[in-house]
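Reviewing the structure listed below.
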Amino acid sequence: GSLAKMLDFYSGFNPSPLSIKQFMDFGQNACEKKSYIFLRKELPVRLANIMKEIALLPDNLLHTRSVSEVSSWYVKSFEDVLIYEKAEPTHDNLQKFVADLDLIRNRHNDVVQTMAQGVIEMKENEGGQVDAPTESSIQYFLDRLYMSRISIRMLINQHTLLFGGNPHAGGRHIGCLDPACDLSDVVRDAYENARFLCDQYYLTSPALEIQQHSSEPGDNLPIRTVYVPSHLYYMLFELFKNSMRAVVEHHGHDNNDTLPPLKVAICKGKEDICVKISDQGGGIPRSQTDQLFKYMYSTAPQPSKSDLHTVPLAGYGYGLPISRLYARYFHGDIVLLSCEGFGTDAIIYLKALSDEANELLPIFNKTSSKFYRATVPTGDWSNQSSDMNARQLSASI
Ligand code: W6P
């Protein structure tokens, strides 16, 4: 059928979210034919759902060169998986399928950076100004696009790692899942790599102190969980870079023996696993914390390309919003709590139970489109900028 018809057909299905437990069970009794039959339907469903939303983007963004290019990758990949719609799971088809999934994943490697470029192009075309409703629909869209992308890459990675004949098979990993992921190992790894960058640019870096707490009787240290270590690493690396930059910038680069350490608490409860990173980097105003998760805020043309102090750890790119999507993908979260003048706590929450760690997936439906029109809520709380304040009131009487 025609592309439009197939899009209508597959976007009519809701994506089927899997839990970490289901990924594990599936990977442990790995059956390539079952996986193939699941993916040849599920991948077109997830692709079609997000392609329908791409079509709803404001024209001034949709029609930039960059966004057209991203959109063309989705069309190509949608067509590439539809080849298997009616193909029997023969040995030959199964092999071709793995190779095509590899190709599809690589085609989409640069989606994040190309979308960022598209946002910059749109801003330039609009004379540098974007109105609040447009900004808020772009935020809404990019969260959904990137979440969809994380989920599609997870499905592709599981299939290609399990059935692509990878040489690392035989370890404890099930695809990209580690059934006994040692959280402190990932923390140290992310810290070391962030510290390397920090040392390179500032010639100093704060130390690391890790504490582990488990409230569960019978649990012994180190704290372990079933998780995708690469996702956790991404979040921790991003948070460490931000904390290190804050600490070094706040305390000065020259007297390195006075830098307060980064304190990490790894905690396991019945429901949640928390990894808290506390820095004494001077903190940020409360009004800024939400801004750190905005794509448009971080896309703002960097005013200080010449200021060597802001380039190094490249903070406030798309790193924080995407880190939070990784956490939310399996129903966790990232929360920032800052005390201005002192420091910041960044908390990564993960689900402690693998059957509660379900994929969180965007679903396209008729109501999605309303978010692309009016996303600025009507004000039903007083607000200084729009209301007369007490001083103005007394002046006007
Ligand atoms: C800061 C600002 C920030 C963002 C994210 C994580 C940690 C920190 N520390 O000062």
Can residue 144 be described as basic (Lys, Arg), modelled with pLDDT of 95 or more, farther than 20 Å from residue 363 by Cα and not in a loop (DSSP other than H, G, I, E, B)?
-> no
Among the residues of region 260-275, is any buried (at least 24 other Cβ atoms within 10 Å of the Cβ), closer than 15 Å to residue 197 by Cβ and either modelled with pLDDT of 95 or more or within 16 Å of the ligand (Cβ to nearest atom) (or both)?
-> yes
Would you mind stating whether residue 283 is surrounded by 19 or more Cβ atoms within 10 Å (Cβ to Cβ), within 12 Å of the ligand (Cβ to nearest atom), within 24 Å of the chain's Cα centre (by Cα) and at pLDDT below 95?
-> no
Within region 179-190, is there a residue that is assigned to a loop (DSSP other than H, G, I, E, B) and either free of Cβ contacts under 8 Å to residues at least 60 places away in the same chain or polar (S, T, N, Q) (or both)?
-> no
Mind listing whichever residues of region 222-237 are surrounded by fewer than 24 Cβ atoms within 10 Å (Cβ to Cβ), within 16 Å of the ligand (Cβ to nearest atom) and in contact (Cβ under 8 Å) with a residue 60 or more places away in the chain?
-> 234
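Yes or no, residue by residue, for (1) within 29 Å of residue 173 (Cα to Cα); (2) among the hydroxyl-bearing types (Ser, Thr, Tyr); (3) without any contact (Cβ under 8 Å) to a residue 24 or more places away in the chain:
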residue: 2; (1), (2), (3): no, yes, yes
residue: 32; (1), (2), (3): yes, no, no
residue: 39; (1), (2), (3): yes, no, no
residue: 50; (1), (2), (3): no, no, no
residue: 57; (1), (2), (3): no, no, no
residue: 63; (1), (2), (3): no, no, yes
residue: 85; (1), (2), (3): no, no, no
residue: 96; (1), (2), (3): yes, no, yes
residue: 108; (1), (2), (3): yes, no, no
Of the residues in region 340-387 that are surrounded by fewer than 15 Cβ atoms within 10 Å (Cβ to Cβ) and of a type in the set (Phe, Trp, Tyr), the one that is modelled with the lowest pLDDT is 381
Options 131, 100: the member that is more than 21 Å from the chain's Cα centre (by Cα) and either modelled with pLDDT under 95 or within 25 Å of residue 365 (Cα to Cα) (or both) = 131
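State yes or no: is residue 155 surrounded by 16 or more Cβ atoms within 10 Å (Cβ to Cβ), within 16 Å of the ligand (Cβ to nearest atom) and closer than 20 Å to residue 359 by Cα?
So residue 155 does not fit the description; no.
The values are calculated or read from the model by the stated rules, or taken from the named source; none is laboratory data. Predicted, not measured: the structure shown is a model, and the values here were computed from it. Reconstructed Cβ throughout: ideal geometry from the backbone, glycine too, with neighbour counts over all protein chains shown.
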